[in-house]
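First the structure, in the form of structure tokens, and then the observations on it.
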């Protein structure tokens, strides 16, 4: 699933195979480099995201430059699959269920970063192949200027006012797009009723989008009234997009719901710079970096022993107040991801 800075995000440099550094030098030839393939959302468009700060601090402290490649979660995993016999990335960061998918495909090697003992069991692999570095929750955005108040239920989105004014990123490609299906299956009580709803919603849907982060600017400008997203990314985007509001669809007659959708990181199998990858993973979970997650990135710390008290942290707590948080069975979702996506394609004609 894709995302954007801790604000909308644009790739620093999306490299074509074979992978080369942004400056044109081979990353594999530079020992002072580490290459990160990541879902969008943690890098700021204006250099003000969490990644921007942490990567700069990491280079200052270690002398190691971070080469950054960004895309949707599914896109990053597929790229790593294509390169499996000649890995180009050192660290892979995606949303669930794509981090589980990467693990199942043998793309990740075991490594336990320093500080991961403070990450909850649900937010890291039991076998040590990945761990959350930034916690987050799935959500939707709406245009506050045009709508005045947020929709409340899924059913409201079927209204004619959302015709060609609603869009969500593509399931199976974008992490947040896949999350639409996961939440719908939960809220509607099963795959069949969820697909029946998404079939009806398709008449209002603008069409596919490989990147979730590209949708928020359209909502802010009024080109769209509603789109999917996630709390961290959209909260950060809202700092420069005044018309952007965050909401959580509720099932008819129920409470609004969401689920954790963390950015999870793992060391790539046969990474060309494994030692540098390990150092970066340690750095991402360091207390200093984790204390910056909300203040700079608008997200939630992955460490249980870090208690953020900044203004962003308090605003995020208010946003989540009253929202029911459920826990998907990610193992099951990963196992059945292809069938879920196929069912969605059949239902929507995509």
Report task. Counting other beta carbons within 10 Å of each Cβ, put 157, 215, 42 in order, fewest first. Result -> 157, 215, 42
Query - Base-10 log of normalised Debye intensity for the chain (one unit scatterer per alpha-carbon) at q = 0.11, 0.12, 0.13 Å⁻¹ - result: -0.66, -0.79, -0.93
Report summary line: quick shape note, segment 139-179: Cα extents on principal axes in Å, largest first -> 31, 18, 17
Query raised in the report: By how many nm would the segment from residue 317 to residue 110 grow when fully extended, if each residue of separation counts as 0.36 nm and the alpha-carbon distance is taken off?
Result: 71.2 nm
Query raised in the report: Is it possible to state the helix-based mean residue ellipticity at 222 nm for the chain, with each DSSP H run of 4+ residues giving -39500 (n - 2.57), the sum divided by total residues, to the nearest 500 deg cm²/dmol? What is it?
Result: -9500 deg cm²/dmol
Query raised in the report: By count of other Cβ within 10 Å, fewest leading, how are 70, 252, 156, 83 ordered?
Result: 252, 156, 83, 70
Requested in this report: Can you tell me the relative contact order of the chain? Whole percent, Cα pairs under 8 Å, sequence separation 6 or more.
Outcome: 27 percent
Report summary line: On the formula 1/(1 + (r/R0)^6), with r taken between the Cβ atoms of residue 62 and residue 145 and R0 of 56 Å, the FRET efficiency rounded to 0.05 is 0.80
Requested in this report: Report the convex hull volume per residue for segment 168-309, counting only C-alpha atoms, in Å³.
Outcome: 162 Å³
Query raised in the report: Among 282, 305, 160, which comes first, then next, by fewest other beta-carbon atoms within 10 Å?
Result: 160, 305, 282
**Report entry** Top of 176, 332, 40 by mean-square fluctuation, Gaussian network on the chain, Cα under 10 Å
**Finding:** 332
Report task. May I ask for the angle, rounded to the nearest 10°, between helix 337-348 and the longest principal axis of the chain, with both axes built from Cα atoms and the value confined to 0 to 90°? Result -> 40 degrees
Report task. Kindly provide the pair-distance distribution of segment 164-205 built from C-alpha pairs, with 10 Å bins from 0 and whole-percent values in order of increasing distance. Result -> 31, 57, 12
**Report entry** For the chain, share of DSSP beta bridges that run antiparallel, in % to the nearest 5
**Finding:** 55 percent
Requested in this report: Counting only C-alpha contacts under 8 Å and six or more residues apart, can you give the relative contact order of segment 245-339 as a whole percent?
Outcome: 31 percent
Query raised in the report: So what is the diffusion coefficient of segment 71-225 in µm² per second by Stokes-Einstein at 4 °C and 1.567 mPa s, using a Kirkwood Rh over Cα pairs?
Result: 74 µm²/s
Requested in this report: Run the numbers on segment 192-350 and let me know its relative contact order in percent, using alpha-carbon pairs under 8 Å that are six or more apart.
Outcome: 25 percent
Requested in this report: Using only the alpha carbon atoms of segment 52-103, find the Kirkwood hydrodynamic radius as the inverse mean reciprocal pair distance, in angstroms to one decimal.
Outcome: 12.3 Å
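Every read-out reported here was derived from the displayed coordinates using simple, explicitly stated rules and does not represent laboratory data. Note that the coordinates shown come from a computational prediction; the quantities given were computed from them, not determined experimentally. Note that each Cβ is placed from the backbone with ideal geometry, even for glycine, and that neighbours are counted across all protein chains shown.
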